[in-house]
Amino acid sequence: MSDQHTQNEGDQSKEKIEWTKPASLLNILSNRFAPLADIQHKQLPMWSILVFLGVLLLVIAWKQIAVNQAESRLERGQAELAQQLDMERKVLTKKAREYADSQYKKEEERFGQVLAWAVRGELIRNNLDQIDQYLTELVKTKDTERVVLISDEGKLLVSTDKRLENEEAASVYPKDVLNQRKITLKSDVDGKKMLIVPVMGLNQRLATVVVSYNPPPLRDNN
């Protein structure tokens, strides 16, 4: 009987220990994580929220300003580059045209000298029909628009543009064209060319041939 009672007490103590262990572990965990549980139930002050939102808005605004400034700098850079390229293109085009003009001038002066000799011979013989044939063939060449023969008195003797036959030369050409004493290549306001060829006699100018034409375009090497 005594042994049985002792055994029962031992079993009850063991059972009591087994029930006590989980309860103690739960208490320990509850005490350790109690601050976290308290945080969940606590509310931040209103000023803290406002400060946070203010900082967030400042960050967003600063980022947007930085993006806008970068885009503005990029646009200005592109505009300046386009302007610079356009200026360089104009300068190169001008230089190319000046070089081409210098080369054309030499060729045109040689051509004008030959034309003057041919016209002078026919003009001395008063053979205007033959001169008309010369000028008619000449105007058929590429880029040539009009060829006229003007007397030293300013009268249009021959013109490939028949609308000008009854016009006075002074109403068609400026004085500096009519008064030239040497073969001259000029440009008008539209960029067209005029080859002015004085036909000289022994002691005086007999007439002037004016060839109007479009200059050949610059070649694109690209």
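What to note about this one:
- Filter result (over 23 Å from ASN127 (Cα atoms) and either assigned to a strand (DSSP E or B) or modelled with pLDDT under 85 (or both)) within the stretch 178-211: THR184, LEU185, LYS186, SER187, ASP188, VAL189, ASP190, GLY191, LYS192, LYS193, MET194
- Condition check for GLN133: in a helix (DSSP H, G or I), open to solvent by 90 Å² or more (accessible area, probe 1.4 Å) and not charged (D, E, K, R): yes
- Candidates are the residues of the stretch 136-156 that are open to solvent by 50 Å² or more (accessible area, probe 1.4 Å) and in contact with a helix residue (DSSP H, G or I) (Cβ under 8 Å, 6 or more places away or on another chain); the one that is farthest from VAL209 (Cα to Cα) is GLU145.
- Residue satisfying condition, being in contact with an Asp or Glu (Cβ under 9 Å, 6 or more places away or on another chain) and exposed (fewer than 14 other Cβ atoms within 10 Å of the Cβ), within set SER171, SER187: SER187
- All of (1) in contact (Cβ under 8 Å) with a residue 24 or more places away in the chain; (2) closer than 16 Å to LEU115 by Cα hold for VAL177 with one exception: (2).
- Any hit, the stretch 111-120, residues being touching a strand residue (DSSP E or B) at 6+ places or on another chain (Cβ under 9 Å), charged (D, E, K, R) and in a helix (DSSP H, G or I): yes
- Exclusive hit being within 30 Å of LYS193 (Cα to Cα), of a type outside the set (Phe, Trp, Tyr), open to solvent by less than 100 Å² (accessible area, probe 1.4 Å) and modelled with pLDDT of 55 or more, set VAL67, VAL91, VAL51, VAL55: VAL91
The values are calculated or read from the model by the stated rules, or taken from the named source; none is laboratory data. Values in this document were obtained by computation on a predicted structure and should not be read as measured data. Reconstructed Cβ throughout: ideal geometry from the backbone, glycine too, with neighbour counts over all protein chains shown. Protein only, heavy atoms only, side chains kept; ligands, DNA and RNA dropped before computing areas. Shrake-Rupley method; radii C 1.70, N 1.55, O 1.52, S 1.80 Å.
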